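To start, the structure itself, in structure tokens.
The values are calculated or read from the model by the stated rules, or taken from the named source; none is laboratory data. Since we're looking at a predicted model, the values are computed, not measured. Cβ coordinates were reconstructed from backbone atoms using ideal geometry, including for glycine residues, and neighbour counts include every protein chain displayed.
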Amino acid sequence: MGIRSFAAELLPSALLQPGRDRPAAAGTTRPEASDFAGLADRLGYLSKAELKQVREAYKFADEAHLGQYRASGLPYITHPIAVAGLVADWKLDVQAVMAALMHDTIEDRGVTKAQLIERFGAPTAELVDGLTKLDKLHFSTREESQAESFRKMLLAMARDVRVILVKLADRLHNMRTLSAMAPDKRSRIARETLDIYAPIAHRLGLNQIYRELQELSFAQLYPWRHAALAKALGKARGTRRDIVERVHKEVEQAFAAAKIKVQIHGREKTVYSIFRKMREKHAGFAQVNDIFGFRIVVPTLPECYFALGVLHQLYKPVPGRFKDYIAIPKANGYQSLHTTVVSPLGTAVEFQIRTEPMHAVAEAGIAAHWMYKVKGGKQDDAQRLGATVLKSLIDIGDDTRDAAEFLEHVKIDLYPDAVYVFTPKSQILSLPRGATPVDYAYAIHSDVGDHCVAASVNGEAVALRTELKSGDVVEITTAPGARPNPGWLNFVRTGRARSKIRHHLKTMEQEESRALGERLLAQSLRAEGLLMPSADPADEAAAALWQQLTRWSGNRSRGELMVDIGVGRKIASIVAKRLAHLMAERGGERPDAVTLSMRHFGAADEDQAPHHGHVVIDGSEGASIQLAPCCHPIPGDDIVGYLGRGEGLTVHTAECSVGKRLYERDSQRWLPVEWSEQPVRPFDAEVLVLVHNGKGVLARVAAAVSATETDITHIDMGGERAAETTELKLTLAVRDRQHLADAIRTLRRAPSVMRVARVKG
């Protein structure tokens, strides 16, 4: 018959032996090594010379951790031995095993990297260093320390994928022994594991580790829910035992009749996966009926599809529940056919069909390159796969410096569910579920994302916020002058896109703030009768002056000082007074009468000083200069500028009530500003229009506005029910005050319009 059944070994033990409780952990693992003899039993794949090296590493770690104990009361050395045992189960090389034994020596025991290089060589020392947290440095928050340590690990992993494998082994053993920790520490570690380390294991294809980390984290975070679901699952095993045994027997007979040699593995869903399914479907435990599944391993790839046909002939497949990960593998190399069928008693049962090499990669992921020589797999192959899989995380680390932001982006990027879309050249791209064309653009290249202006899906133009579906063919239109829109942050799903957008916006904001800071400081210096010292590093006297000023202000460079002035963290007039004092001390410079007059009568050189010494507004300003939304100033209005703390320059009308309150509170931060003679864009102005209700009123109002070559950018009709009269708030794009006056006059003459007035704040 040619069928090898592993039901007795692989079906849930409670099904075959009622009355025996099965552990809640997801994967079945070998007992942990607790001493060196237990570890040595697992290292039979190493040579005698390599075993000697491992023994030396053990002695070194044992001496380093002498007198140190874990929270459980056991000697600390038991933890590195257990981690090394897990690494040995993956058949990793001698350097990885040694690194596992010594992974806490730098962090906890004051051992230096130089000592490790001298005794064990640079490769092993690099692995240990990559696993070491940055706790010895001073960070303002725990989150910042966590983020920077994780960033360091990612960079080390980019050089050597074994770093993350040892780290995951370390985290797995910590999770298995977490019960000895204090409750608050348990919750924090479990949350970090569930949010970051379990998804990384999933991304790397280490599915057994992934399931166990999820299960252990869930049990720590939600002990009551875990206990209740585990109890319900135990009862379900008994009630559904007959179904599982019947399905197993029928499948076995069907493949025997088809003369296909298969291995049939019974599989039970984890408590956490059932909980997640209940939450996603907003269903109770009774509605989640695919608790059990089967894995079918066949000799060759064509037989995978043959086996699928046998199953679908035996049981009816559930529409929409078939996935072909053989034709389109996951990013981590996972390959399998997934199908859900309806059993004889109406219960949904999931089947996974794969070959032996696919099964090895599915369970061990990247570690399969060491465990099994899958298709001649080598360490180099594993390194390339690891670098590919986690490239987006490393890119996020390059773009993001803020700790909270970095961790937020990482968690988003590790989102496991995926959709598969095609490029116009038929290349396949994997994106998280809910991804948009903007996510796709940044996945192609950061330049494509930065200059994206439009997108088409399957040949039809779509909005940039459209969610992509598997099978979509996506094409992006770019423009050289385009740049990221801050509004994209409201709908992008990938951490890479989010970090690239924020990085670009911050860079642009810094450049604009630096330019504004230069203008403000130059203006304040002219008020002191002085000109700006040279910014040329070759000018030694000026460079020394700027160095002295930045030391006084607490900035690292002249550019950083200018940014601080531009965003309002430093007041230009105070910095100018200090700079004037330093210039008088160093060079004996005194106020110049001509320069003082420039303040009042303008400068001959427009590049050197704006007209009348004021900040000039022409509409081309970016994030560093904003027009106040409370009063919507337009050219022709009397305006003033408020330099907010960390907010840049905000322009208000002189009669704005909000601006007046700010002036009373902090008059020192107000600056003179004026309009340019040639604005470069239209400006928003708000008007209130009271109209008689009736058919076509809105059309007549729009026609009147259009007649003055004015655009309506927004209409607010309020939330009140329509009455005899209605008040409309229109936002109009106008050139200046005269243009607005023309629009208001035309509106007043329109039929059904009773009153028109500008909203002035």
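Set side by side, the residues Arg211, Arg295, Arg246 differ, and just one is surrounded by 20 or more Cβ atoms within 10 Å (Cβ to Cβ), at pLDDT 80 or above, within 23 Å of His338 (Cβ to Cβ) and more than 33 Å from the chain's Cα centre (by Cα), which is Arg295. Do we have any residue at all in segment 539-553 that's in a loop (DSSP other than H, G, I, E, B), at pLDDT 80 or above and not assigned by TED's automatic domain parsing to the domain that holds Asp450? Yes, that holds for at least one residue.
Residue-wise test of (1) under 25 Å from Asp742 (Cβ atoms); (2) assigned by TED's automatic domain parsing to the domain that holds Ser513; (3) surrounded by 16 or more Cβ atoms within 10 Å (Cβ to Cβ).
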residue	(1), (2), (3)
Ile634	yes, no, yes
Val640	no, no, yes
Thr650	no, no, yes
Gly659	no, no, yes
Glu664	no, no, no
Val697	yes, no, yes
Ala702	yes, no, no
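Screening Ala580 against (1) touching a helix residue (DSSP H, G or I) at 6+ places or on another chain (Cβ under 8 Å); (2) among the small types (Gly, Ala, Ser); (3) modelled with pLDDT under 80 leaves a single unmet condition, (3).
Out of segment 327-360, which residues are closer than 13 Å to Val297 by Cβ and part of a loop (DSSP other than H, G, I, E, B)? Residues satisfying the conditions are Gln335, Ser336. For segment 554-590, the tally of residues that are of a type in the set (Val, Ile, Thr), touching a residue at least 12 places away in the same chain (Cβ under 8 Å) and assigned to a helix (DSSP H, G or I) stands at 4.
The set of residues in segment 513-568 being touching a helix residue (DSSP H, G or I) at 6+ places or on another chain (Cβ under 8 Å) and of a type in the set (Lys, Arg) consists of Arg514, Arg526, Arg556, Arg558. Contact map, segment 437-465: first residue among the aromatic types (Phe, Trp, Tyr), second residue in a loop (DSSP other than H, G, I, E, B), Cβ cut-off under 8 Å, separation 6 or more or different chains; pairs are Tyr440/Leu468; Tyr442/Val492; Tyr442/Thr494.
Give me the residue from segment 63-91 that is part of a helix (DSSP H, G or I) and either small (Gly, Ala, Ser) or in contact with a strand residue (DSSP E or B) (Cβ under 9 Å, 6 or more places away or on another chain) (or both) and, out of that set, nearest to Lys167 (Cα to Cα). For segment 63-91, the residue satisfying everything is Ala84.
When only residues in segment 296-326 that are basic (Lys, Arg) and outside any loop (DSSP other than H, G, I, E, B) count, which is farthest from Val161 (Cα to Cα)?
Filtering first and then ranking leaves Lys316.
To keep it simple, each residue is scored yes or no on (1) buried (at least 17 other Cβ atoms within 10 Å of the Cβ); (2) within 35 Å of the chain's Cα centre (by Cα); (3) at pLDDT 85 or above; (4) not assigned by TED's automatic domain parsing to the domain that holds Leu46.
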site: Glu303; (1), (2), (3), (4): yes, no, yes, yes
site: Thr340; (1), (2), (3), (4): yes, yes, yes, yes
site: Thr347; (1), (2), (3), (4): no, no, no, yes
site: Gln352; (1), (2), (3), (4): yes, yes, yes, yes
site: Ile366; (1), (2), (3), (4): yes, yes, no, yes
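Of the residues making up segment 424-448, those that are at pLDDT 85 or above and polar (S, T, N, Q) are Thr436, Ser446. Exactly one of (1) touching a residue at least 24 places away in the same chain (Cβ under 8 Å); (2) more than 29 Å from Leu561 (Cα to Cα) is unmet by Glu512. Its number? Of everything listed in (1) touching a residue at least 24 places away in the same chain (Cβ under 8 Å); (2) more than 29 Å from Leu561 (Cα to Cα), Glu512 misses just condition (2). Put simply, of Ala219, Ala307, Ala258 the only residue that is small (Gly, Ala, Ser), at negative phi and under 31 Å from the mean Cα position of the chain (by Cα) is Ala219.
Against the condition out of contact with any His (no Cβ under 6 Å at 6 or more places or on another chain) and modelled with pLDDT under 80, how does Leu464 come out, does it pass? Considered against the rule, which asks whether it is out of contact with any His (no Cβ under 6 Å at 6 or more places or on another chain) and modelled with pLDDT under 80, Leu464 comes out as no. Counting the residues of segment 623-635 that are in contact with an Asp or Glu (Cβ under 9 Å, 6 or more places away or on another chain) and either over 15 Å from Pro679 (Cβ atoms) or at pLDDT 90 or above (or both) gives 7. What do you reckon, is Pro533 out of contact with any Cys (no Cβ under 9 Å at 6 or more places or on another chain), at pLDDT 80 or above, more than 22 Å from Leu649 (Cα to Cα) and surrounded by 16 or more Cβ atoms within 10 Å (Cβ to Cβ)? Yes, satisfied. Here's a check for you: in segment 165-196, which residue that is under 19 Å from the mean Cα position of the chain (by Cα) and either within 24 Å of Val94 (Cα to Cα) or among the acidic types (Asp, Glu) (or both) is surrounded by the fewest Cβ atoms within 10 Å (Cβ to Cβ)? Of everything passing the filter in segment 165-196, Asp195 is surrounded by the fewest Cβ atoms within 10 Å (Cβ to Cβ).
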